[in-house]
Amino acid sequence: MFKPIVVAMLVVAPLCSQGVKHTPEQAKALVARAIQYGKQYGVEKLISEATAGAFHVGAGSDLYISIYDAEGTIKAIGFNPKGLVGNNGMALKDADGKMFFKEIMTQAKAKGSGWVDYKWKNPTTNEIAAKSTYFEAWNGYVIASGIYK
């Protein structure tokens, strides 16, 4: 039986005005923080806080999490709480047609953690950029974070 999976994508990228780049270590640390929060307060509170921006690092930053259920329905997304929530992400494709979300879900179920590379619109620059998303399975859920390269 397939357990519910939540994928929280944490997008990490340069801050436009400051030229600062987030690191893979920072992405992993935010995933760890989100998992700890979920353990302490539960998934519903984690979803609520992610939607409210509690896991959105810094003003103008593209470092945040998004949360998905096992069927691929978007439950929360830090940079765009209204535009994508409630939609299914399983058919999402990147700029080159790669089904990155499906790959994240498949690897999360099979391996428990890892990275997936794809191209996605950076919310701070509004430009398509190379992105690498980290994910970690936890208690039937997956919290993920990525960096724009």
Which condition does Trp120 not pass, out of (1) surrounded by 14 or more Cβ atoms within 10 Å (Cβ to Cβ); (2) in contact (Cβ under 8 Å) with a residue 24 or more places away in the chain; (3) closer than 22 Å to Gly38 by Cβ, if it passes all the others? (3)
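Provide a single number: the residues in segment 38-53 that are under 19 Å from Lys28 (Cα atoms) and in contact (Cβ under 8 Å) with a residue 12 or more places away in the chain.
8
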Scan segment 107-134 for residues that are in a helix (DSSP H, G or I) and either in contact with a Cys (Cβ under 9 Å, 6 or more places away or on another chain) or more than 17 Å from Ile65 (Cβ to Cβ) (or both) and jot them down. Gln107, Lys109, Ala110, Lys111
Unique match (being of a type in the set (A, V, I, L, M), in a strand (DSSP E or B) and within 16 Å of Ala27 (Cβ to Cβ)) among Ile104, Ile67: Ile67
Yes or no: Glu49 surrounded by 16 or more Cβ atoms within 10 Å (Cβ to Cβ), part of a helix (DSSP H, G or I), at pLDDT 85 or above and among the acidic types (Asp, Glu)? yes
What is the residue count in segment 138-149 for residues that are outside any loop (DSSP other than H, G, I, E, B) and more than 16 Å from Tyr37 (Cβ to Cβ)? 3
Check whether at least one residue in segment 82-100 is of a type in the set (Lys, Arg), at pLDDT 95 or above and farther than 14 Å from Tyr148 by Cα, and report yes or no. yes
Going by the structure shown, is Phe101 buried (at least 22 other Cβ atoms within 10 Å of the Cβ), under 19 Å from Arg33 (Cβ atoms) and of a type in the set (A, V, I, L, M, F, W, C)? no
Can you name the number of the only condition in (1) in contact with a strand residue (DSSP E or B) (Cβ under 8 Å, 6 or more places away or on another chain); (2) among the acidic types (Asp, Glu); (3) part of a helix (DSSP H, G or I) that Glu44 fails? (1)
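The values are calculated or read from the model by the stated rules, or taken from the named source; none is laboratory data. Since this is a predicted model, take the numbers as computed values, not measurements. Glycine also receives a Cβ, built like all others from the backbone with ideal geometry; neighbour counts cover every protein chain displayed.
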